[in-house]
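Okay, structure first, notes after.
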Amino acid sequence: MVTECAATRQMVRRFVAGDTLDQAVEAVRHLNRRGMAATLDCLGEAVTSAGEAERARDSYLEAIEVIWRQGLGANVSLKLTQLGLDIDERLCERNLRSIVERASASGGFVRVDMEGAAYTDRTLALVRRLRAAYPRSIGPVIQAYLYRSRDDIAQLAAEGAGIRLCKGAYREPKTVAFPKKRDVDANYVRLTQDLLKSGIYHGIATHDPVMINAVLDFCRQNKISRDAFEFQMLYGIRPDLQQILVSHGWRLRLYVPYGRAWFPYFMRRLAERPANLWFLLKNIFRR
Ligand SMILES: Cc1cc2nc3c(=O)[nH]c(=O)nc-3n(C[C@H](O)[C@H](O)[C@H](O)COP(=O)(O)OP(=O)(O)OC[C@H]3O[C@@H](n4cnc5c(N)ncnc54)[C@H](O)[C@@H]3O)c2cc1C
């Protein structure tokens, strides 16, 4: 089995902080000491029973409690299909509300990851409903590969929402998303400029040096200060670049996943970079 293979385990450990919250907290402490903030992702998605969705909710309540008690520089990121969106939207909203309520009570923040395009409308609608009650405690993710994203950003920024912008990690048809990487990249740069001009604190999530340089140039030209936004990257990806940004005084938050349900997350990381897949296959067949 691929999941029992040492090469797979080793590579999973590159992207996933551990099986348990304790291990994730250890990773967050280490990042905080190096001047980086974190967002904890208790791995899981597409659950098929209310019990699983409630267990995911409880894991997040525990993570928020630990972040608060231990004074960690961290917030949480979650997926709505992990809280039951595929089962019953009301169940999902109840679970999300308890998490956001708890985060809000301790000055925390909940980032709602964006999944495939079939979920975009429902995800934004739920985030908006929760923002109405807890405007400072929850924010959405927008994916630059979707044609609709410029309009979504304009509306969300007008509502005062803090957004994480990423390129997008799901396989989407060309009816909804730019099929060519160069168009996604061009849109990403355009959208970062919309975000940076909005005067709201956003997260710019990318490991792409071309995107990062475009942001730095735009900040220089428009006198945007280092504390006006944060860069965000994934745990285990481009640690060299992470260190450079922090050493130049830019804010950086790392997405730190933990837990046993790592498979879909791991597969997206492999799909993003064919070299990861070749590395894994080479090591599996070397044994
Ligand atoms: C903090 C954060 C949160 C995210 N949240 C979401 C979300 O909610 N929804 C969503 O759809 N997507 C999310 N993503 C994933 C994102 O959409 C992209 O798939 C991913 O970040 C790769 O795009 P890139 O901007 O790094 O650029 P790319 O052009 O894909 O990569 C640029 C460079 O980064 C490095 N790199 C990128 N990916 C990898 C990898 N897997 N392994 C090794 N090196 C790599 C390589 O050096 C590559 O040349 C998130 C990403 C980040 C950083």
SER77 long-range amide H proximity, modeled H, under 5 Å: LEU40, ASP41, CYS42, ARG111
Residue (of GLY116, ALA133, GLN243) at the positive-pole extreme of the chain, dipole from beta-carbon charges: GLN243
Value of D in µm² per second that Stokes-Einstein yields for segment 17-66, Kirkwood Rh from Cα pairs, at 4 °C (1.567 mPa s): 108 µm²/s
Fraction in percent of alpha-carbon pairs per bin - 5 Å, segment 17-261: 1, 6, 14, 17, 21, 18, 13, 7, 2, 0, 0
Counting DSSP beta bridges with both ends in the chain, the antiparallel % (nearest 5): 5 percent
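How high is the FRET efficiency from CYS5 to ALA50, r the C-beta distance, R0 41 Å, rounded to 0.05? Walk me through the numbers before you get to the answer.
Details: r = 34 Å, r/R0 = 0.82.
My answer for the efficiency is 0.75.
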Lysine pairs meeting the criterion (Cα under 27 Å, 8 or more apart or interchain), as found in the chain: 12
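How high is the relative contact order of segment 17-261, in percent, with contacts defined as C-alpha pairs under 8 Å that are six or more residues apart?
Details: 409 pairs, mean separation 53.8, N = 245.
This gives 22 percent for segment 17-261.
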Segment 17-261, dipole about Cα centre (Lys/Arg Cβ +1, Asp/Glu Cβ -1), debye to the nearest 20: 720 debye
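Quote the Stokes-Einstein diffusion coefficient, in whole µm² s⁻¹, for segment 143-222, based on the Kirkwood radius over alpha carbon pairs, a temperature of 37 °C and a viscosity of 0.692 mPa s.
Details: Rh = 12.9 Å.
After rounding, the answer is 255 µm²/s.
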Descending Cα extents along the principal axes, segment 92-184, whole Å: 43, 25, 17
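A short reminder: the numbers here are calculations on the coordinates, not readings from a lab. Everything numeric here is computed off the predicted structure, so don't read it as measured data. Reconstructed Cβ throughout: ideal geometry from the backbone, glycine too, with neighbour counts over all protein chains shown.
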